[in-house]
Structures are given as structure tokens and as C-alpha cells.
1. Evaluate the distance, in nm, between pseudo-label points positioned 7 Å from the Cα of Glu37 and of Glu52 along their respective Cα→Cβ axes.
2. Run the 1.4 Å probe and let me know the accessible area of Arg77, rounded to the nearest 10 Å².
3. Heads up, I need the accessible area for Val60: 1.4 angstrom probe, whole protein in place, Å², nearest 10.
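The values are calculated or read from the model by the stated rules, or taken from the named source; none is laboratory data. On a predicted model such as this, the values are computed, not experimentally measured, just so you know. Cβ placement follows ideal geometry from the backbone for every residue including glycine, while neighbour counts extend to all protein chains displayed. With ligands, DNA and RNA removed, areas are computed over all heavy atoms of the protein, side chains included. Shrake-Rupley method; radii C 1.70, N 1.55, O 1.52, S 1.80 Å.
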Amino acid sequence: MQMTEIMKAPALPMAAKGVTLVTQISDALRAMILHDELKPGDKLPSEARISELYGVSRTVVREAIAALRSDGLVEPRRGAGVFVMEMGPGTARPFQGVDHARISSIVELIELRAAVESEAAALAAIRRSPAQEEAIIERHREVQACIEAGRPTVDADFALHRTISEATNNSRFAEFMDLVGPNAIPRASVQLPADPEYLGQIHREHDRIVTAISNRESEAARAAMQEHLLGSQRRYRALLRRD
């Protein structure tokens, strides 16, 4: 079995009130597993190594790994360590069946995102910290910088949406975004005319979301996110009708 050593610990989400270190560590390791940075059969670094990387006690690490074990993601082997489990048909990773080559499948995913992310935006407007507000604004500016430089916007777009989910201070929203992954942004897999007018519209929709969150306007944030994602739905439904 291959031993996967985490050379540099991935950054933990911003500490949120009421979110324990155990949850933060387990969520960070879970994201690595779901994104195949730790693959089935890989051995997790030792408790001591993870403790050192994240600056937490071994007790915290032990409890975080126990949470992953209860989710069926890892298994301890006596005298050998803790290994990432191979997921069988009954434990398929969520959203792996989304066919990004089919417009109808993308529309289904956007519909789900609209329900989850609209609530995330509303909660973020109420709960976000000043540091989280700053992070959201920075991600928004990064999308704008990509547009102005003519660079692909998919990664920056996803980072903005994920940062909003973190600002809910409910780690399950960020976990949902991690499960869906960057392909949550349909432009990652479907070619739309990425002209200035189209990207400008996306940026204006983002700006309304970010402004509402910054102003702590919960209902406005919810409505802006819903309009943004339902607008994406309409654009992709138009493609479906055209085909």
C-alpha cells in the first residue's frame, strides 16, 4: 500500500463560532478524500504527523479520524495504520453520476444549487464575520480580474461561491460545495459564448449577492443568489431547446 504524506497541510476553513477543531480537521481530511488527493488504499499520515501539520492535539486528530471512520471513508488496520477505503456501489460518492456532457443533467444540478446556495447566501449575510466579508469581496474581485484579463473564470467563480458557503458558519454548506466540486460551475464543461456581455452579466449578478451579504441584508442576498442561479438555469435551458 502506498503511503501518502501530506507535505503541506491544506488550509483549514475560517474558524467559525461553535465549529470545533475536530470538525475542522475531519472536514479538511474528508475534502482531500472526496477530491482524490487521498485515494483508496492510501495510508493516512500518523496521528503525530497530522497533529504537527495542523497544530492541534493528537486527541483532536483521533476524534476527527473516528468521524471519518463512522462515515465509511477510512479504516484502521491493527499495526499498520489508517487507510482510505475503496467505495463500493453502495457507497458511491455523491454527485459522481452527474453527466456534465448533458445539459439536462447540468440543469438538475443548478436547481439543487439554487435551493442550497440561496439559503447559504441568506445565512452568510447574517453570520459572516468581518474577515469572512473581506474574503468574499476578495474572491469577487478575483473573478473580475479574470474577466478583465481574458482568463478563464471557472476556478475563481467556484472559489467565490465556496467562500460564501463558509461564511454561513455551518460547515455542511462548504461540505456540499466540496462534494459538488468546481464542476458546479457549468462553464467548466459546457462551452457558452464567453463574450464580455455574458461575463459582465455574471459579474453584475455576483455583485448584487456580495453587496447584500456585505450589508447584512439576508432576504436580498437570498433573492440575489436565487436570481443568479435561476438565470443560469434559463441560459442552459435555452441551450437545451436549441439542441
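1. 1.9
2. The value for Arg77 is about 80 Å².
3. Val60 exposes around 20 Å² with every protein chain in place.
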